[in-house]
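Notes follow the structure.
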Amino acid sequence: MTFDVREFARTARGNHRGELELEALTSSDVDADAARLIRTMRDLERHTMERMRNVLVTATHKDARVTAFLTTWAFEKFWIADALDAVLESTGYDLTSPEGARRRSRFERVERRGPIARAIAGNIAGPELVAAHVTTGLIDEWVTTAAYRRLGEIAPGARPVADLIIDLKARHILFLAEDARRRLAESARARKLSVKEIKRSAWPLGAIDRSAEDRSSFEVVVFGGPEGAARASEIADRIAALPGLGAVAPIVAGRLVP
């Protein structure tokens, strides 16, 4: 293990408003599609605490290294959401995401379980479930990083903020990739549990709590068209390169592409 969790915690990056140059940013620099994507990404970053609750009722809370990482990871994601709010404030867009009906699909029902059901299932699964948590977290970071790159393309005025967030996420990916590869390589049960978790996940993580309209907009803007399909294919290739996950890589890509 080469990722230094102690150094990561020591160098955690918080409030970014002082380094963002947003005074000249207006709605002409960020169109309606980009603003909607920013709101969606802000909401997904805010979903972190709910994810933490669901993860830490399982055996993952007993892994000191992972929980130490997650503490700083959640801190940084809180301030990522705040930076996205700052962009919306500067451009004059409404900070509130529009309400709307949610998608309902059979495979996503498990994702809607509460903490008690998750705790019971997690205790049955045992410590190998940690691999599933870091692996799904890694895939989610790949998906959201692709979204921030796309944001920088469609809204050049927001590109400095998108680049800052991508830089922050690069460290998150380093830890999650290292931990996921090690755990998947060491245990067949860890691979089995990870496959199961990936198959029943909506992407990006937290999407099940967004409106169907927001999810469709995200998929079209980030993964629509030939270039978007190429982004999804690149993520699938990364998943397939992880031990034992070749079979589920196309499933993830298929759920990303509209």
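Key figures
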read-out: For the range 124-258: relative contact order, % (alpha-carbon pairs under 8 angstrom, 6 or more apart); value: 29
read-out: For the range 1-106: rounded, prolate or oblate by the Cα gyration tensor [a/c cutoff 1.5]; value: oblate
read-out: Helix 64-91 vs. the chain, principal-axis angle (Cα, 0 to 90°, nearest 10); value: 20
read-out: Inter-centroid distance (Cα atoms) of the range 242-258 relative to the range 19-41, Å; value: 31
read-out: Surface share of carbon and sulfur [accessible, 1.4 angstrom probe, percent] for the range 1-42; value: 44
read-out: Prolate/oblate/rounded label for the chain (Cα gyration tensor, a/c 1.5); value: prolate
read-out: For the range 250-258, Karplus couplings with θ = phi - 60° (6.51, -1.76, 1.60), whole Hz, Gly/Pro x; value: x, 5, 4, 4, x, 7, 7, 7, x
read-out: Accessible solvent surface per residue of the range 1-104, calculated while the other protein chains remain in place, 1.4 angstrom probe, Å²; value: 53
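The values are calculated or read from the model by the stated rules, or taken from the named source; none is laboratory data. Note that this is a predicted model, so its numbers are computed, not measured. What goes into the accessible areas is simple: the full protein's heavy atoms, side chains included, and nothing from ligands, DNA or RNA. Shrake-Rupley method; radii C 1.70, N 1.55, O 1.52, S 1.80 Å.
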